[in-house]
Amino acid sequence: MECDMDMAWSDEDVAFRDEIVAFLDEKLTPELRAAGTLRTSVYADHEASMEWQAILHERGWAAPAWPVEYGGCDWSLTQHYIFARESILAGAPALSPMGLRMVAYAIVAFGTDEQKDFFLSGILDGSVFFCQGYSEPESGSDLASLSMAAVEDGDDLVLTGSKIWTTHAAEANWMFVLVRTSRTGRKQEGITFILVDMTSPGIEVQPLVMASGEQIQAQVFFDGVRVPKANVLGKIDDGWTVAKYLLVFERGGGAAAPALQVMAQRLGEHAAGVVGPDGGPLADFPPFAAKLADIKVRTRVLEVLEYRALAAMSTGKDPGSVASMLKVLATELSQRITTLGVEAAGPHGRVFQPHATKPGGPISQYVPPTDGYVSGEPWQAVAPLHYFNDRAGSIYAGSNEIQRNILAKAALGL
């Protein structure tokens, strides 16, 4: 599948694409490709993801968007786009974003030399694997209302409370956490951003079962957990500044359009093999074809907007409220695609058969058939799991309602 942008690519960009394609052809095993093409959420199978990160790290491509001095690549914006798109097309498993695409940028911007030396190298090679400690049972989209306490005691902060919806808490050995160190002033004040060793005494991880049956997230309890003040990122009581900076990367710091375009393209290919209500291919059935065409148009619009935002970021500019717009567009487009995927899967999509997929986490209380039987095609087994998992897309990183409030204030002055 060719991208419309190919028309403007230079000879250097074409050669770069050929290099990427050759690398992917050589390094992606059938097992790794399956982890990419049969994944049921934004997160790939953990072991496959880490295996692929190790391969990319060896080549120097684990975090191409990082500053070059910390292990990034001196690529043009177009080359970053080519790498992302070709990786998705080839079926490469996604890498966990919490370290590579989120907290790493905050460490670069706010970390001490010692923090940069330890954490950045570890994030690159996978020895440091982060999860995110933001949401609490009573503090989700209104993140500034968080209450998990951190009390100063000599050279330590003592953490007590809990975090919830913590993705990969069971796999992570580090967590970046927002804690309440002061209760005076505005609720955005008195918050501290701290990096916590998950092996610290007093931490308990309790897995949560998602609607898809996967155990990707967890609730994490902190009972008098001692963390050195040296692990604070930025300043004590000024963690909101760090958190806002990081959220820009979580909401709109990457390119979602290539993945959504590939999802829409593959959905059309799958639908071509399904019989529609009129007896012809579902892909040609006018109501279905119109919805798919609308999604493809919208992914092209998102592509242009992301390209502009990434161009601004490449020059050091903060995309600001544009990140909120991109987050809304990308997550709601993804939900529309997965909804249409369930429609295309038809009766086969009603069968719960995760053994035919590559889930993002363990499936609780599921016993696969001994003969491995699959009703329909593997993509039809993926469809419902991906649908249920994707419902969270409009909630994480600040709900889309919150993002619309941000846009109303920042962009429209309301």
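What's the FRET efficiency of residue 278 with residue 76 using the Cβ-Cβ distance as r and R₀ = 45 Å, to the nearest 0.05? If you can, show how the numbers build up before the last one.
Working: r = 47 Å, r/R0 = 1.04.
FRET efficiency, residue 278 to residue 76: 0.45.
So for 409, 116, what's the accessible-area order with a 1.4 Å probe, most first? If you can, show how the numbers build up before the last one.
Values: 409 145, 116 40 Å².
Accessible-area ranking of 409, 116, largest first: 409, 116.
For labels at residue 301 and residue 141 in the simple 7 Å Cα→Cβ model, what's the distance in nm?
2.2 nm
So what is the relative contact order of the range 102-236, in percent, for Cα pairs below 8 Å that sit 6 or more residues apart? List each step's numbers first, then the result.
Details: 279 pairs, mean separation 33.7, N = 135.
So the answer I get is 25 percent.
What full-extension length gain, to one decimal in nm, is calculated for residue 226 and residue 69 as 0.36 nm per residue of separation minus the Cα-Cα distance? Don't skip to the answer; put the middle values down first.
Details: separation 157, 0.36 × 157 = 56.52 nm, distance 3.26 nm.
Full extension of this stretch gives 53.3 nm more.
Report, for the range 94-190, the % of DSSP beta bridges that are antiparallel, rounded to 5.
Around 55 percent antiparallel, to the nearest 5.
Given N residues in the range 1-90, what is its alpha carbon radius of gyration divided by 2.2 N^0.38 Å?
Working: Rg = 13.6 Å, N = 90, 2.2 N^0.38 = 12.2 Å.
For the range 1-90, the normalised Cα radius of gyration comes out at 1.12.
Binning at 10 Å from 0, report for the range 111-227 what percent of all alpha-carbon pair distances ends up in each bin.
The calculated distribution, bin by bin, is 14, 43, 34, 8, 0.
Describe numerically, in nm with one decimal, the distance between label points set 7 Å from Cα along Cα→Cβ at residue 186 and at residue 350.
5.3 nm
Starting from the Cα-Cα distance between residue 339 and residue 410, subtract it from 0.36 nm times their residue separation and give me the gain in nm to one decimal.
Working: separation 71, 0.36 × 71 = 25.56 nm, distance 3.12 nm.
Between residue 339 and residue 410, full extension yields an extra 22.4 nm.
Rounded to the nearest 5, what % of DSSP beta bridges with both residues in the chain are antiparallel?
Values: 30 of 37 bridges.
Close to 80 percent.
To two decimal places, what compactness ratio does the chain give when its Cα radius of gyration is scaled by 2.2 N^0.38 Å?
Details: Rg = 21.7 Å, N = 414, 2.2 N^0.38 = 21.7 Å.
So the chain has a normalised radius of gyration of 1.00.
Ranked from the most accessible area to the least, with a 1.4 Å probe and all protein chains present, what is the order of 184, 370, 338? Each step should come with its number before you reach the end.
Details: 184 100, 370 150, 338 10 Å².
Putting 184, 370, 338 in descending order of accessible area: 370, 184, 338.
Going by amide H atoms built from the backbone, whose H comes under 5 Å of the H on residue 131, apart from near neighbours?
174, 175, 176
Full-extension gain between residue 373 and residue 113, please, as 0.36 nm times their residue separation minus the C-alpha to C-alpha distance. Numbers along the way, then the final one.
On the way: separation 260, 0.36 × 260 = 93.60 nm, distance 5.42 nm.
Once the chain is fully extended between residue 373 and residue 113, it gains 88.2 nm.
If r is the Cβ-Cβ distance from residue 308 to residue 266 and R0 is 22 Å, what FRET efficiency results, to the nearest 0.05?
Working: r = 26 Å, r/R0 = 1.20.
Once rounded, the FRET efficiency stands at 0.25.
For residue 409, give me every one of the aspartates and glutamates with a C-alpha distance below 19 angstrom, ignoring sequence neighbours fewer than eight places off in its own chain.
Partners within reach: 142, 318, 401.
How large is the helix-only mean residue ellipticity at 222 nm for the chain, computed as the sum of -39500 (n - 2.57) over DSSP H runs with n ≥ 4, divided by its residue count, in deg cm²/dmol to the nearest 500? Please report the intermediate quantities before stating the final value.
Numbers: 12 runs with 171 residues, N = 414.
Roughly -13500 deg cm²/dmol at 222 nm, from the helical runs in the chain.
Residue 241 versus residue 14, label points 7 Å from Cα toward the beta carbon: distance in nm?
For residue 241 paired with residue 14, the spin-label model returns 4.9 nm.
Leaving out ligands, DNA and RNA but keeping every protein chain, what accessible area does residue 407 have, in Å² rounded to the nearest 10, with a 1.4 Å probe?
Surface open to solvent at residue 407 totals about 40 Å².
With just the Cα atoms of the range 303-414, tell me how far they stretch along each of the three principal axes, in Å, largest first.
In descending order, the Cα extents are 58, 29, 26 Å.
Relative contact order of the chain, please, whole-number percent, based on alpha carbon pairs below 8 angstrom and at least 6 residues apart. Please report the intermediate quantities before stating the final value.
Numbers: 700 pairs, mean separation 67.1, N = 414.
Reported relative contact order: 16 percent.
Excluding residues on the same chain fewer than 8 positions from residue 27, give the aspartates and glutamates whose Cα lies under 19 Å from its Cα.
Leaving aside aspartates and glutamates fewer than 8 places away in the same chain, those within reach of residue 27 are 18, 19, 45, 47, 51, 58, 86, 125.
For residue 116, give me every one of the lysines with a C-alpha distance below 16 angstrom, ignoring sequence neighbours fewer than eight places off in its own chain.
Those lysines meeting the cut-off are 229, 235.
Out of 138, 269, 26, any idea which swings most in a Gaussian network model of the chain, alpha carbons joined below 10 Å?
26
From Cα pairs below 8 angstrom and at least 6 apart in sequence, can you work out the relative contact order of the range 41-122, rounded to a whole percent? Could the numbers behind the result be given before it?
Numbers: 57 pairs, mean separation 25.6, N = 82.
Taking the mean separation of contacting Cα pairs over the length of the range 41-122, I get 31 percent.
Ignoring ligands, DNA and RNA, how do 130, 388 rank by accessible area with a 1.4 Å probe, largest first?
Details: 130 5, 388 100 Å².
Of 130, 388, the descending order of accessible area is 388, 130.
In square angstrom, what is the accessible area per residue of the chain with a 1.4 angstrom probe?
Details: 18810 Å² over 414 residues.
Computed with neighbouring chains in place, this is 45 Å² per residue.
Please report the accessible area of residue 110 (heavy atoms, 1.4 Å probe, ligands and nucleic acids excluded) in Å², nearest 10.
Around 70 Å² of this residue is reachable by solvent.
The values are calculated or read from the model by the stated rules, or taken from the named source; none is laboratory data. What you see is a predicted model; the values in this text were computed from it and never measured. Note: ideal-geometry Cβ built from the backbone for every residue, glycine included; neighbour counts use all protein chains shown. Calculation scope for accessible area: heavy atoms of the full protein, side chains included, ligands and nucleic acids excluded. Shrake-Rupley method; radii C 1.70, N 1.55, O 1.52, S 1.80 Å.
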